[in-house]
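The values are calculated or read from the model by the stated rules, or taken from the named source; none is laboratory data. None of the values given here were measured: they were computed from a predicted structure. Every residue, glycine among them, receives a Cβ derived from its backbone with ideal geometry; neighbour counts consider all protein chains shown. For accessibility, only protein heavy atoms count, side chains too; no ligands or nucleic acids. Shrake-Rupley method; radii C 1.70, N 1.55, O 1.52, S 1.80 Å.
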Amino acid sequence: MSKINEKKLKKYIEDWSQSGKNEMEYPFCERVKEGWQIFLKGESLLRQKIDDMRNGVIKQNSDELVAACLELLNPVFQDICFETGYNGEKHELILTAEGDKAKLFPLIYFQKHAPKEVLERWNIIVGRRPFHEAYSIRMFGQNISMKDVWVWIEWKENKTAELFLYCEKLVSFLQENENDAYWLMLMCILLDQAVGEIPSIRYIDGFELLEQPKDGEGLPLTKLFNCMQKTLGLDTEEMLDAAKYCETYTAYELKPDENIKAGWRKDVFVGITSCVPLISEYLQNESRIMDSFYQDGITAGSFSYSVEGFAEENRGKQILDFRDQLEAEILEAAGEEAVTFIGGASGIYCCYLDFIAWNPIKVLEVAAEILKNKKIALAEFHPFWNDKKGIRLK
């Protein structure tokens, strides 16, 4: 990079800083490396506490166990949701995304970089697994088990399901508190336990709690996972594979703004993404995901380049081929340790290559070096924050 670009890049990264701490100088990739070493030093004590809980030495859901696990995970994640257990052979650390696909990406990165010394004694799992039939939850003064809930499924063309749930024990409460968020949250937990967290995020598009059974043949909630498997034609591991889910893409269309001065990404008319929540939040002028990423040393954004200058013949193909080539070159130079590409978009004036950066500074430096030799008029980077400026790379 030229010296002027180095200065601009340093100033640009500093401008991201919130409350004076530059999170980008301690990127997620480095946190993961150091975090696993911290986990290695403390995992024997954590295993002992799990065993103590299993043997009744400490109480279930002990604050002591939670605190011990957080001490090992907080060097990597500022905010993390997890469960621990033992499967008869290995101890298990289950990292949960709380229903948010965007949270899966850093969890999978963390899982993939677990040292072999950890994996000798631990299963590191992303996404809560389905529970056995005996699972129940305390709801409004009574125990509700999976066997108490019946479900009717309406499948959509995109292979997602709308669920209709009936539980006789909840009818009276539903009639009195139709919009109560409490039972909705508990029913989401029950669904996660019935089918697992990944199928719940990926295939359940929504649900409705009924005051009376629906016409047609229903099934107990305990049978929902097997029914979904049969309909989708997937085995258990495919259903629960968080990494594969994060490699699935969704296409979208937008109404572009033809004003060339409208702003970054306003000209987009079509795109594809493996992280719908990130695109949705940006379009809705929200920043929850980006703020969460930032505090862990992660950022997400796009490299955009002008479509001006591409020949008219097969222009669309040339533009997309250029994007594919740019992705391949950046990935080769920066490495999978530094970046994960998540799709792209086409606009009237620019084309966009979207990514999540585990080492943002390295990714920007590599991209700037590659782009300076490309025959394009303009290229820049912009994060998925509406209130942050982009940086010109060419």
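Laid out as a table, the results:
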{"quantity": "Residue in segment 322-362 that is most open to solvent (accessible area, probe 1.4 Å), counting only those that are assigned to a helix (DSSP H, G or I) and among the acidic types (D, E)", "calculated": "E332"}
{"quantity": "Scope segment 371-388; condition under 16 Å from D354 (Cα atoms), open to solvent by 30 Å² or more (accessible area, probe 1.4 Å) and touching a strand residue (DSSP E or B) at 6+ places or on another chain (Cβ under 8 Å); matching residues", "calculated": "E380"}
{"quantity": "Filtered residue count, segment 239-250, keeping only those that are under 28 Å from L353 (Cα atoms) and either in a helix (DSSP H, G or I) or aromatic (F, W, Y) (or both)", "calculated": "5"}
{"quantity": "Members of segment 82-100 that are open to solvent by 20 Å² or more (accessible area, probe 1.4 Å) and either part of a loop (DSSP other than H, G, I, E, B) or more than 25 Å from R47 (Cβ to Cβ) (or both)", "calculated": "N87, G88, E89, K90, E98, G99"}
{"quantity": "Boolean, Y305 is surrounded by 15 or more Cβ atoms within 10 Å (Cβ to Cβ) and touching a Gly at 6+ places or on another chain (Cβ under 8 Å)", "calculated": "no"}
{"quantity": "Residues that are in a strand (DSSP E or B) and more than 28 Å from N55 (Cβ to Cβ), drawn from segment 101-141", "calculated": "M139"}
{"quantity": "Count of segment 291-302 residues which are under 13 Å from the mean Cα position of the chain (by Cα), crowded, with 22+ Cβ neighbours inside 10 Å and over 17 Å from F341 (Cβ atoms)", "calculated": "0"}
{"quantity": "Candidates K261, K266 - the one that is at pLDDT below 90 and charged (D, E, K, R)", "calculated": "K261"}
{"quantity": "Number of positions in segment 160-179 that are at pLDDT 85 or above, in contact with a helix residue (DSSP H, G or I) (Cβ under 8 Å, 6 or more places away or on another chain) and not small (G, A, S)", "calculated": "5"}
{"quantity": "Residue list for segment 225-238, restricted to those being in a loop (DSSP other than H, G, I, E, B) and over 23 Å from T96 (Cβ atoms)", "calculated": "G233"}
{"quantity": "The lone exception for A300 - which of (1) at pLDDT 95 or above; (2) part of a helix (DSSP H, G or I) it fails", "calculated": "(2)"}
{"quantity": "Y182 being at pLDDT 90 or above and open to solvent by 40 Å² or more (accessible area, probe 1.4 Å)", "calculated": "no"}
